[in-house]
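Asks: I have a structure I would like to understand better, so I am pasting it below and will then ask my questions one at a time.
The values are calculated or read from the model by the stated rules, or taken from the named source; none is laboratory data. Everything numeric here is computed off the predicted structure, so don't read it as measured data. Quick reminder, even Gly has a Cβ in these numbers, built from the backbone with ideal geometry, and neighbours come from all protein chains shown. SASA here: full protein model, heavy atoms, side chains in, ligands and nucleic acids out. Shrake-Rupley method; radii C 1.70, N 1.55, O 1.52, S 1.80 Å.
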Amino acid sequence: MIRRFLNYYLPHKKLFAADFSCAVVVAVLELAFPLAVQWFVDSLLPSGEWSTIVLVSIGLFAVYAFSTLLQYIVHYWGHKLGINIETDMREELFQHVQKQSFRYFDNTKTGHIMSRFTNDLFDIGELAHHGPEDMFIAAMTFIGAFWIMLTINAKLALVVLVIVPILIGLIIFCNLQMNKAWKQMFSDIADVNARVEDSVSGIRVVQSFTNERFEISRFTKENKKFRKAKIQSYKVMASSLSGIYMMTRFIILLVLVYGAWLSFTSQLSYGELVAFILYVNVLFKPIDKISALMELYPKGMAGFKRFTEMIDSEPEVKDKKDAVAVDFLRGDISFRKVGFSYENKKTVLQEIDLDIKAGETVAFVGPSGAGKTTICSLIPRFYDVNEGAITIDGIDVRDMKKQSLRSQIGIVQQDVFLFTGTLRENIAYGMLDARDDEIAEAARRAHLTEFIASLPDGYETQIGERGLKLSGGQKQRIAIARMFLKNPPILILDEATSALDTETEMIIQQALSDLAKNRTTLVIAHRLATIRNADRIVVVTEEGIAEQGRHDELLEQGGIFANLHRVQYQR
Ligand code: ADP
Ligand code: MG
């Protein structure tokens, strides 16, 4: 796991090396400073040579300036390294999510995916920056400072060595308390957020039941709980900080007193005493860093583990090694004894046999939940069949390159998804490199021209989340324009007109029949009037395909279709 983590440093090894070596130099200078002071006090001061003192001070100033520059580099480059690694990982994750199959999204909450992209990657980025560098620098400073202290005065150094573990213990204890307090705080703020989200997305329900007061009181309770948790965490933080402060001052005082006694008994010079106290301070820094790492490391590594788990999950539907690219399908579709289920328990389709000729328009009708959408999802391999096979032009869809197969199939659904952006961009989603005249032609054939002309910004009108709100019929026509651009030989219309009023439906129906021309078209329809002209109607029930034939034939048969028809059109 750690090896894999370090692999992400490889593309940035130069930056890492530069940052790391600057950090080492800073640490060495830090370690050397007390020695300079010692020499200053013991040798320079007694000599009384003012000019040398000035010269030495200027020299020290130059060293400080150099160290300042290096520290700037360490802070800036180090964080740059962290964000570089974070960006790489985020991109890898996004690419991976794009590849995942429908079932993955059926089973994974969007919020769950979102937090991989934000929270986890923030933690990983912090660890990437601070982890290896701080660990090495801290170890080096700690050992270095301690070793120099030993050479200055072993007795005094041993006193420090005995007492420092108590300080470390105290810091670890404080960190644990802080973590506990933070965990509570995060869980409470999540509750607050959930309340806000629920209440805002349900505000229409809230207001129509006039339950605002109830919502406010529910919210207030959560909000107060969060306040309590946050205050608790501040309390823990305050006592931790002051406890650690007291402990460090105590250590310094102890060194001062014992050192004074050693110097009275001529075992320690003044310069050595001063240097020693400075080293005790140097020693506190790595302790601080290590304890920060002890929090960062598990958090970052847990995030990295979730990251790798996600990256390692293979998409369910993928290309075979020898998959063929199909760029010009005619559109003869065959289902051979197809069986399918979303979950192991429940079979949705069983032994489905169906042949659709190229250019044919086939309509699917039947009760909701029968499996009409499922049948259509199997053709572009949104899911793979469990049994049997689906072929197009005689080739098993599983032997085709997934992307080339999908380039041959267009789907218009009841819910049209519009991306945040302009109207033009949304239409051009059907063919990203479409020229303006092609877009205009597609819009014309989708009966959008008049509507677009009525907008002040025309094609440049912003739509989506913060833009113009479009009606169902307008959205549907954008979807149709996309299809004219995509121009696939196979077309699936899944309840494309079901949510529309009759008048809008008629306009759209025209555009759709224009679109369906010269394509193999599968239409799922709720209103039977819209499929009167289909070449064939297939009645799907939970038992499978129950009837098929032309509109009039099925009516004459007096079976399920005739029954459905009677229910819809009796007055
Ligand atoms: P129709 O389009 O005929 O209304 P569907 O094909 O959407 O029916 O659904 C057929 C059955 O499969 C239903 O029982 C439905 O609950 C189930 N189903 C549909 N989509 C999923 C899914 N993504 N995951 C699990 N079950 C599903
Ligand atoms: Mg459906």
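Asks: Would you point out the residue of the range 84-112, among those that are among the polar types (S, T, N, Q) and more than 16 Å from ligand 1 (Cβ to nearest atom), that is surrounded by the most Cβ atoms within 10 Å (Cβ to Cβ)?
Replies: The qualifying residue surrounded by the most Cβ atoms within 10 Å (Cβ to Cβ) is N84.
Asks: Looking only at the range 277-300, which residues are over 30 Å from L253 (Cβ atoms) and open to solvent by less than 30 Å² (accessible area, probe 1.4 Å)?
Replies: G300
For every residue, the table says whether it meets (1) at pLDDT 90 or above; (2) among the hydrophobic types (A, V, I, L, M, F, W, C); (3) open to solvent by less than 10 Å² (accessible area, probe 1.4 Å).
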residue: S471; (1), (2), (3): no, no, no
residue: Q474; (1), (2), (3): yes, no, no
residue: R477; (1), (2), (3): yes, no, no
residue: L491; (1), (2), (3): yes, yes, yes
residue: Q510; (1), (2), (3): no, no, no
residue: I524; (1), (2), (3): yes, yes, yes
residue: A534; (1), (2), (3): yes, yes, yes
residue: I545; (1), (2), (3): yes, yes, no
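Asks: Now for a separate question. Which condition number does L485 fail, the rest of (1) closer than 27 Å to V348 by Cβ; (2) surrounded by 14 or more Cβ atoms within 10 Å (Cβ to Cβ) being met?
Replies: Here L485 meets the rest and fails (1).
Asks: Quick test of your reading of the structure: Q350 fulfils all but one of (1) assigned to a loop (DSSP other than H, G, I, E, B); (2) at pLDDT below 95; (3) within 15 Å of ligand 1 (Cβ to nearest atom). Name the failing condition by number.
Replies: (1)
Asks: Right, here's the next one. For Y459, all conditions in the list (1) out of contact with any strand residue (DSSP E or B) (no Cβ under 7 Å at 6 or more places or on another chain); (2) farther than 27 Å from C376 by Cβ; (3) crowded, with 16+ Cβ neighbours inside 10 Å hold save one; what is the number of the exception?
Replies: Only one criterion is unmet by Y459, namely (1).
Asks: Within the group L10, L6, L15, which residue is in contact with a Leu (Cβ under 7 Å, 6 or more places away or on another chain) and closer than 28 Å to R306 by Cα? Give the derivation first.
Replies: Numbers: L10 fails: in contact with a Leu (Cβ under 7 Å, 6 or more places away or on another chain); L6 fails: in contact with a Leu (Cβ under 7 Å, 6 or more places away or on another chain).
The unique qualifying residue is L15.
Asks: Starting from residues that are of a type in the set (A, V, I, L, M, F, W, C) and in contact with a helix residue (DSSP H, G or I) (Cβ under 7 Å, 6 or more places away or on another chain), keep the ones in the range 535-555 and report whichever is nearest to ligand 2 (Cβ to nearest atom). Step through it out loud before you land on a result.
Replies: Residues of the range 535-555 that are of a type in the set (A, V, I, L, M, F, W, C), as a first pass: 537-540, 545-546, 554-555.
From what's left, in contact with a helix residue (DSSP H, G or I) (Cβ under 7 Å, 6 or more places away or on another chain): 537, 539-540, 546, 554-555.
On the way: I537: 16, V539: 14, V540: 10, A546: 17, L554: 20, L555: 24 Å.
Only one residue fits best here, namely V540.
Asks: Mind checking which pairs have a first residue in the range 301-320 that is of a type in the set (D, E) and a second that is surrounded by fewer than 16 Cβ atoms within 10 Å (Cβ to Cβ), Cβ under 7 Å, 6 or more apart or different chains?
Replies: If the second residue must be surrounded by fewer than 16 Cβ atoms within 10 Å (Cβ to Cβ), the pairs left are D319/K401.
Asks: Same structure, new question: I'm trying to understand the selection: among the residues of the range 362-375, which are in contact with a Leu (Cβ under 6 Å, 6 or more places away or on another chain) and more than 7 Å from ligand 1 (Cβ to nearest atom)?
Replies: If the condition is that a residue be in contact with a Leu (Cβ under 6 Å, 6 or more places away or on another chain) and more than 7 Å from ligand 1 (Cβ to nearest atom), then V362 is the only one that fits.
Asks: Further question: Before we move on, is E316 acidic (D, E), more than 21 Å from I531 (Cβ to Cβ) and within 16 Å of ligand 1 (Cβ to nearest atom)?
Replies: Criteria met by E316.
Asks: Considering only residues that are in contact with a Phe, Trp or Tyr (Cβ under 8 Å, 6 or more places away or on another chain) and either under 18 Å from F33 (Cα atoms) or surrounded by fewer than 17 Cβ atoms within 10 Å (Cβ to Cβ) (or both), which ones fall in the range 133-145?
Replies: F136, A145
Asks: Checking the conditions here, which among V274, V257 is in a helix (DSSP H, G or I), farther than 30 Å from K183 by Cα and open to solvent by 70 Å² or more (accessible area, probe 1.4 Å)?
Replies: Just a single option satisfies the conditions, and that option is V257.
Asks: Let me ask something else about it. If you go through the range 332-345 one residue at a time, how many are within 16 Å of ligand 2 (Cβ to nearest atom) and open to solvent by 60 Å² or more (accessible area, probe 1.4 Å)?
Replies: 1
Asks: Just checking: which of the strands (runs of 3 or more DSSP E) contained wholly in the range 358-453 hold 1 or more residues that are within 16 Å of ligand 2 (Cβ to nearest atom) and farther than 30 Å from V324 by Cβ?
Replies: So the answer is 361-365.
Asks: Can you tell me which residue within the range 351-377, out of those that are aliphatic (A, V, I, L, M) and in contact with a strand residue (DSSP E or B) (Cβ under 6 Å, 6 or more places away or on another chain), is most open to solvent (accessible area, probe 1.4 Å)?
Replies: A358
Asks: I've got another one for you. Taking only pairs six or more apart or across chains, which ones have beta-carbon atoms under 7 Å, a first residue in the range 482-496 that is within 22 Å of I531 (Cα to Cα), and a second residue that is within 16 Å of ligand 2 (Cβ to nearest atom) and hydroxyl-bearing (S, T, Y)?
Replies: From residues that are within 22 Å of I531 (Cα to Cα), the pairs are D494/T373.
Asks: Return yes or no: is L555 part of a helix (DSSP H, G or I) and touching a Phe, Trp or Tyr at 6+ places or on another chain (Cβ under 8 Å)? Walk me through it before giving the result.
Replies: On the way: part of a helix (DSSP H, G or I): yes; touching a Phe, Trp or Tyr at 6+ places or on another chain (Cβ under 8 Å): yes.
Considered against the rule, which asks whether it is part of a helix (DSSP H, G or I) and touching a Phe, Trp or Tyr at 6+ places or on another chain (Cβ under 8 Å), L555 comes out as yes.
Asks: Say we look at the range 378-397 and pick out the residues that are under 20 Å from N344 (Cβ atoms) and over 30 Å from the mean Cα position of the chain (by Cα); which of these is least open to solvent (accessible area, probe 1.4 Å)?
Replies: Result: G388.
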